[in-house]
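Have a look at the structure below before the remarks.
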Amino acid sequence: GSSDNTRMVANEYAAKMVASGTCVVLRVVKLLRNSGKGAAVQAGMLRANGMYILMADADNATDINDLSTLLKTMMKQNELEKKNLQIQKRSDLNGKMQKIKDLLPSVVIGSRAHLQNASEVERTKTRIILMYAFHFFVSVLCSQRVKDTQCGFKLFNREAALIIFSNLHLRRWAFDIEI
């Protein structure tokens, strides 16, 4: 559905991955009509079948090598969850073992903070003002914990991806806030 060449670039990259024999699986999903970035990301995330699913913008604003940092953070979170589940299972007062999923939904969000000063030079004053206003309203209305909601470099475990993207409503710009 998009008029840019992202699909072509993704197909070329996928072909290189296959040719190199890497274990990374990259699927390119084509939408029949342009329904917005949110709709495109949703379609791809719901068709993914890996244990961990990466959402990465095609503009490479975040270095793909930072994936290892996201994976380490996700693994650390998973280990903490497993320990907490073991404690919870042992402390069941009735002695009944409740069925608890091994892993809770988890998301690790990358950062583009290292690009902030460099990219402000390329933005117009109007865009900078709108950006800060947008960030202000997001922090007041949504969350102050996530500093860069628009960062297109997010790692989801399968459970989180299915829950989040099955319930995504925003189909175009700013869908990241809903995530």
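Structure summary
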item	result
Qualifying positions in the stretch 121-138 - modelled with pLDDT under 80 and within 24 Å of the chain's Cα centre (by Cα)	Met131, His135, Val138
Of the criteria (1) open to solvent by 80 Å² or more (accessible area, probe 1.4 Å); (2) within 14 Å of the chain's Cα centre (by Cα); (3) touching a residue at least 40 places away in the same chain (Cβ under 8 Å), which one Ile64 fails	(3)
Residue among Lys30, Lys37, Lys16 that alone is touching a residue at least 40 places away in the same chain (Cβ under 8 Å) and on the phi < 0 side of the Ramachandran plot	Lys37
Residue match in the stretch 25-36 (condition: assigned to a helix (DSSP H, G or I) and not charged (D, E, K, R))	no
Boolean, Arg158 is modelled with pLDDT of 70 or more and open to solvent by 90 Å² or more (accessible area, probe 1.4 Å)	no
Residue list for the stretch 47-57, restricted to those being surrounded by 15 or more Cβ atoms within 10 Å (Cβ to Cβ) and out of contact with any strand residue (DSSP E or B) (no Cβ under 8 Å at 6 or more places or on another chain)	Ala48
Identity of the residue in the stretch 13-36, open to solvent by 100 Å² or more (accessible area, probe 1.4 Å) and of a type outside the set (Lys, Arg), that ends up modelled with the lowest pLDDT	Cys23
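The values are calculated or read from the model by the stated rules, or taken from the named source; none is laboratory data. As the structure is a prediction and not an experimental result, all values here were calculated from the model. Virtual Cβ from ideal backbone geometry, glycine too; neighbours counted across all protein chains shown. For accessibility, only protein heavy atoms count, side chains too; no ligands or nucleic acids. Shrake-Rupley method; radii C 1.70, N 1.55, O 1.52, S 1.80 Å.
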